[in-house]
Amino acid sequence: MPTIVGRYWVMPVAYDHSVISLDISDPAHPVEVSVLRSDSTFIPHWSSADPGSDRIVITGQDDGEPRVLIARLDQATGQLSW
């Protein structure tokens, strides 16, 4: 489940064990900005942004380790970090 924050599309990619951000300011030509890797036991599935901060909550899929992780999105650059 992706999340849109400003001009960025933040997308969990389950079996790549990652979360990516895409600059969608030109929707016809999205540009990958950042890739945030998790360990092999976490399968990112769902995301939601905290409207009052730079935090994005990421939950895992049922077939991975049940965890909730918090990512940060730099809204100026699109860079993701844990």
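The values are calculated or read from the model by the stated rules, or taken from the named source; none is laboratory data. Quick caveat, the model's predicted, so the values are computed rather than measured. As a convention, Cβ positions derive from the backbone with ideal geometry for all residues, glycine included, and neighbour counts pool all protein chains shown. These area figures cover heavy atoms from the full protein model, side chains too; ligands, DNA and RNA do not enter into them. Shrake-Rupley method; radii C 1.70, N 1.55, O 1.52, S 1.80 Å.
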Just give me the residues in the stretch 19-30 being polar (S, T, N, Q) and either within 20 Å of Gly60 (Cα to Cα) or open to solvent by less than 70 Å² (accessible area, probe 1.4 Å) (or both), in sequence order. Ser21
Taking the stretch 39-57 and keeping residues of a type outside the set (Lys, Arg) and either touching a Lys or Arg at 6+ places or on another chain (Cβ under 9 Å) or in contact (Cβ under 8 Å) with a residue 60 or more places away in the chain (or both) leaves Thr41, Phe42, Ala49, Ser53, Asp54, Ile56
The stretch 1-13, subset open to solvent by 80 Å² or more (accessible area, probe 1.4 Å) and not in a strand (DSSP E or B), residue nearest to Asp74 (Cα to Cα): Arg7
Going residue by residue through the stretch 20-35, is there one that turns out to be modelled with pLDDT of 95 or more and in contact with a helix residue (DSSP H, G or I) (Cβ under 9 Å, 6 or more places away or on another chain)? yes
Say whether the condition of being surrounded by fewer than 19 Cβ atoms within 10 Å (Cβ to Cβ), part of a loop (DSSP other than H, G, I, E, B) and of a type in the set (Ser, Thr, Tyr) is met by at least one residue in the stretch 72-80. yes
Within the stretch 34-71, can you find the residues that are of a type outside the set (A, V, I, L, M), closer than 12 Å to Tyr8 by Cβ and not in a loop (DSSP other than H, G, I, E, B)? Ser34, Ser47
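Which of the following residues is surrounded by fewer than 18 Cβ atoms within 10 Å (Cβ to Cβ), under 17 Å from Ser81 (Cα atoms) and at pLDDT below 95: Asp62, Asp50, Asp16, Asp39? So that I can check it myself, show each step before the final result.
Details: Asp62 fails: under 17 Å from Ser81 (Cα atoms); Asp50 fails: at pLDDT below 95; Asp16 fails: at pLDDT below 95.
Residue meeting the stated conditions: Asp39.
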